[in-house]
Structure formats: C-alpha cells, structure tokens
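What follows is a short report on a single structure.
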Amino acid sequence: MIPKYWHVIKIGIQNNVTYRFNFLARALFGLIPLVAMLHLWRTIYADKDPGATVGTYTLAQMISYYLLTTVVDALTAVNEDDWQIAADIRDGQISQFLLKPIDYLTYRLCLFGAGRVSYLSVAAIPLTLFILSLNRYFVLPADWATLGWFLVSVCLTALLQFFISYALAMLAFWVLEVSTFIFIVFAFEYIASGHLFPLDILPTGLQQVLALTPFPYQLYFPISIYMGKITGPALLQGLLIQACWVFVAYGVARWAWSRGIRRYGAVGG
C-alpha cells in the first residue's frame with residue numbers, strides 16, 4: 001500500500017520539476033504584493049513614536065508576521081489542485097480510479113505533497129534571500145518547543161487547506177463549473193485567515209465570530225504560535241480545535257466523494 005503511493009509522490013515531483021521556471025516566477029512575483037504590504041505598514045508606523053504598537057504588534061513583529069505569512073503559504077497553499085480535481089470529474093478521468101486499487105483522495109493528497117516539495121525546492125532560495133534582507137525585523141521563536149508546535153500546526157494547516165479544497169472540487173459532480181464557489185471561499189478565506197492583517201487587531205466580537213470557523217487555523221493560528229502570541233493551555237486548546245477542523249474537513253471530503261460517485265455512476269450508466 002505505502003510503496004504504491006510513494007511512487008505517486010515520486011512521479012508527482014518529477015512532473016512538477018518540469019515546471020520549475022513557473023515555480024520560480026510565481027515565487028518572485030509573489031513577493032511583489034508582500035513588498036507593497038510591508039511598505040504600507042512602514043508608512044503607518046512612521047507617524048508613530050519609536051516602539052509604538054498597532055494592536056500588540058511593533059513594526060518588527062508586524063513585518064515578521066507578513067514574512068511568516070509567505071513562509072506558511074509556501075508550505076501549505078493549494079495551487080490548482082482543486083481545479084485539477086474538478087477537471088478530472090468533469091472530463092471523466094476519475095473512471096480509471098474506480099477500476100484500480102487506489103484511493104483517489106490519498107492519490108491527490110500525495111500529488112499535493114509532491115507539489116509543495118517541488119515548489120519549495122525552487123522558491124526556497126529567493127524567499128530565504130528576501131527574509132535575510134529583512135533579518136533586522138525578523139523575530140525568531142522563543143525556544144525549540146515553540147518551533148516544534150509551529151511545525152505541527154503547519155502540518156495540520158496543510159491538511160486543512162487540502163481537504164477544504166478537495167471538498168469544494170467535489171461540487172463538480174453536481175455543477176458544471178465550480179470556479180464561482182472556489183473564488184467565493186478563497187476571497188473570504190484570504191481575509192478571515194489573516195492574509196491581509198493579523199486577526200487580533202480586529203474588534204473582540206469579530207475575533208470571536210471568526211474563531212468559530214476553520215479560517216483562522218489556515219494561517220493566523222500557526223503564525224501566532226511562532227510569534228509567541230498563543231502559549232500554554234490556549235496553545236493546546238487551539239491545536240485540538242485545529243485537529244478537529246481537519247477531521248471535519250476530511251469527513252466532508254469523504255462524504256462528498258461518496259455521494260458524488262453514486263451520482264457520477266448513475267450519469268455514466
């Protein structure tokens with residue numbers, strides 16, 4: 001069982017490496033909005049006293065937050081996997097998986113992992129150089145334990161990102177074009193996960209509402225662990241909630257596949 005999916009990972013890496021220039025271009029152009037955002041916050045802090053904060057963030061912490069956003073995105077972001085899954089359903093390519101001893105969700109998860117490894121192998125150099133150029137602002141974790149919990153949370157974030165995208169792609173069993181649904185969820189997730197700004201600078205009531213959704217655990221939560229904003233019992237509670245959201249997303253993905261396959265089989269018959 002394991003050698004079968006390990007082979008899928010190796011094939012996925014080989015196929016993705018073919019597009020290494022595209023990965024490099026994506027990594028480089030992805031730094032442009034980051035530079036604009038950092039310039040915006042520098043301008044905001046320029047009118048404040050040295051050591052002033054926005055929320056609980058100094059200028060160095062705010063810049064570190066956005067640098068970490070780029071790092072977590074590189075490790076966990078779903079790039080076109082949902083579109084490819086939807087295309088497999090729409091074009092009938094999943095028929096081959098119904099006749100082979102291979103689980104489609106696991107197969108796609110392996111390809112997702114292969115894509116992240118391939119992207120990082122190319123994007124690591126420009127991203128590292130960019131972070132080093134801003135090393136005076138970059139905040140290191142308080143200790144090795146904090147770094148360890150951060151990595152655990154990042155792994156859960158990657159799974160959560162993938163399962164949500166997979167579940168959305170399953171809509172292709174019912175609708176011809178899933179792009180509208182994907183764009184709506186992506187737009188909301190981009191704001192509610194903390195891509196635009198740290199969520200803890202929002203009003204308390206809005207923070208509490210967002211805490212009831214999976215979106216903060218797709219970015220803001222692991223970064224907050226790294227920066228020491230979440231520690232002790234709150235850290236363990238947050239990891240438990242994040243793990244629960246992963247299992248919920250996994251369950252929804254499995255359920256959507258099961259229901260969709262029955263519909264697919266009826267249409268295909």
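The values are calculated or read from the model by the stated rules, or taken from the named source; none is laboratory data. Values in this document were obtained by computation on a predicted structure and should not be read as measured data. Positions of Cβ are generated from backbone atoms using ideal geometry, with glycine treated the same way; all protein chains shown enter the neighbour counts.
Assorted remarks:
- So I89, is it crowded, with 16+ Cβ neighbours inside 10 Å, at pLDDT 80 or above and closer than 25 Å to I184 by Cβ: yes
- Evaluation of Y190 against (1) within 22 Å of I85 (Cα to Cα); (2) free of Cβ contacts under 8 Å to residues at least 12 places away in the same chain; (3) loosely packed, with under 14 Cβ neighbours inside 10 Å (one fails), failing number: (3)
- Only one of V175, V185, V122 that is buried (at least 18 other Cβ atoms within 10 Å of the Cβ), among the β-branched types (V, I, T) and touching a helix residue (DSSP H, G or I) at 6+ places or on another chain (Cβ under 9 Å): V122
- Failed condition for T213, given (1) part of a helix (DSSP H, G or I); (2) at pLDDT 90 or above: (1)
- Taken together, G251, G205 contain a single residue that is within 22 Å of D81 (Cα to Cα) and either without any contact (Cβ under 8 Å) to a residue 12 or more places away in the chain or among the acidic types (D, E) (or both), which is G251.
- Subset of the stretch 87-123 [among the aromatic types (F, W, Y) and in contact with a Ser or Thr (Cβ under 9 Å, 6 or more places away or on another chain)]: F112
- Inside the stretch 42-73, residues that are crowded, with 18+ Cβ neighbours inside 10 Å, over 15 Å from Y220 (Cβ atoms) and either in contact with an Asp or Glu (Cβ under 8 Å, 6 or more places away or on another chain) or in contact (Cβ under 8 Å) with a residue 24 or more places away in the chain (or both) make up a count of 2.
- Residue that is surrounded by the most Cβ atoms within 10 Å (Cβ to Cβ) [pool: residues in the stretch 92-113 that are of a type outside the set (V, I, T) and farther than 17 Å from Y264 by Cβ]: F112
- Across the stretch 222-240, the number of residues qualifying as under 13 Å from V152 (Cα atoms), touching a residue at least 24 places away in the same chain (Cβ under 8 Å) and among the aliphatic types (A, V, I, L, M) comes to 4.
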